[in-house]
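The values are calculated or read from the model by the stated rules, or taken from the named source; none is laboratory data. Just so it is clear, the structure is predicted and the values come from calculations on it, not from any experiment. No Cβ is skipped: glycine too gets one built from the backbone with ideal geometry, and neighbour counts run over all protein chains shown.
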């Protein structure tokens, strides 16, 4: 079973910096991954590392994204409207992602285009 989450929500979880307009999106991600809708603000700290490790297992490129780059990626995606699928499927803890290559390619395409865009803008300054 998978559910789709915005890349900004996933990056909020993996970087610790908020890229969401409503923090409930992060709780919904955590509740789904842990299969426990009772996790609250106090319980988030006890499951945070497990959720992050799981997300990085699903999407290894997330490991290389720091807060500054995540902020740039979110701004880049916001400026592109419908060009990219901004949602990625996520599974519950310890479950594999079906068709993992396709979704990793989707994430890779976003990251590659963002980095190209960022470098092109540096050259024109």
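Some points to look at:
- If only residues of region 12-53 that are farther than 16 Å from residue 91 by Cα and touching a helix residue (DSSP H, G or I) at 6+ places or on another chain (Cβ under 6 Å) are counted, the one that is surrounded by the most Cβ atoms within 10 Å (Cβ to Cβ) is 19.
- Looking across region 1-27, the residues that are in contact with a strand residue (DSSP E or B) (Cβ under 8 Å, 6 or more places away or on another chain) and without any contact (Cβ under 8 Å) to a residue 24 or more places away in the chain come down to 20, 25.
- Contacts under 7 angstrom Cβ, first residue in region 99-125 being closer than 13 Å to residue 72 by Cβ, partner surrounded by fewer than 14 Cβ atoms within 10 Å (Cβ to Cβ) and at pLDDT 90 or above, 6 or more apart: 111/61
- Count of residues meeting criterion [out of contact with any strand residue (DSSP E or B) (no Cβ under 6 Å at 6 or more places or on another chain), surrounded by fewer than 17 Cβ atoms within 10 Å (Cβ to Cβ) and touching a residue at least 40 places away in the same chain (Cβ under 8 Å)] in region 73-94: 3
- Scanning region 28-43 for residues that are under 16 Å from residue 5 (Cβ atoms), assigned to a helix (DSSP H, G or I) and free of Cβ contacts under 8 Å to residues at least 60 places away in the same chain returns 28, 30, 31, 34.
- Residues being within 18 Å of residue 4 (Cβ to Cβ) and assigned to a loop (DSSP other than H, G, I, E, B) are entirely absent from region 109-117.
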